[in-house]
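One structure is given below, encoded as structure tokens.
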Amino acid sequence: MADEKLTSPQFLLFESESEAERDAEVVAAKPPTGAFSNFIVYVDESGDHGMQTLDVNYPMFVLAFCVFHKRHYCEKVIPALQKFKFNHMGHDLVGLHELGEQQGPIHNPYHLALGFCLETLYEFLQEKNQQGALTHVIFERRGRKEDNELELEFRRMCDGANRLGIRLPFEIVFATKQVNSTGLQLADLVARPIGMSVLRPGQENRAFDVLTRKFYCSGGRSKVGEGFENWGLKIFPVAESEKPR
């Protein structure tokens, strides 16, 4: 089995497929050819996940799961970010970190958001026929105690303590900021615009306007930008005006 995996790579180093073949692969949502899914997930947060010191100007916590198809990530996302850095900074040894370091213990709001995200991630992967393979979920390191607590809760949920009541095929991976991960840098730019869209819904928010076409939604790829509320975007607790009567 090991030899078979080595001679049958999931993605070729130099792609030979035509654009039509690539498009057909997306439409068909083929299952992965190896042990790993075709997707990778990068995670970031915005706001205070504690219960004691809420910021009155930003009284919320946002956890963002940014999901990339690995081929698109390798061939499009990474080169585009490198070019952006060279064009605007002259070198690529800088990270696009909007909020800087965020340290502190992880409390229940984080765990609640983590559960929502993991359950929705599984549903997304089901749609893509990827639920039978392992998907890695990448978090930035915070500190030994905090990382251990997060990993314990992550594994507990993946072992069946989730709304679906099933084992989730996810593996947690921690990365330091020094790794300068492209995915983590982009995830760092996502969470706060989402929070601001909830806190000040009438305020101009061009970053969120872009994100609305990236959320997992009820209509699939043909309906991007619609039906993402309570699918790819979950707000808890539900606003009074949206609660069932």
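Where a number appears in this text, it was derived from the coordinates with a stated rule and is not lab data. Here the structure is a predicted model, which is why all the values come from computation and not from measurement. Positions of Cβ are backbone-derived with ideal geometry, glycine not excepted, and every protein chain shown enters the neighbour counts.
General remarks:
- Cβ-Cβ under 6 Å pairs, at least 6 apart or on other chains, the range 166-188 side more than 27 Å from GLY132 (Cβ to Cβ), far side in a strand (DSSP E or B): ASP188/ASP44
- The residues of the range 57-87 that are under 24 Å from ARG221 (Cβ atoms) and of a type in the set (Ser, Thr, Tyr) amount to a single one, TYR73.
- Count - residues of the range 50-95 that are of a type in the set (Ser, Thr, Tyr), surrounded by 14 or more Cβ atoms within 10 Å (Cβ to Cβ) and over 17 Å from the mean Cα position of the chain (by Cα): 1
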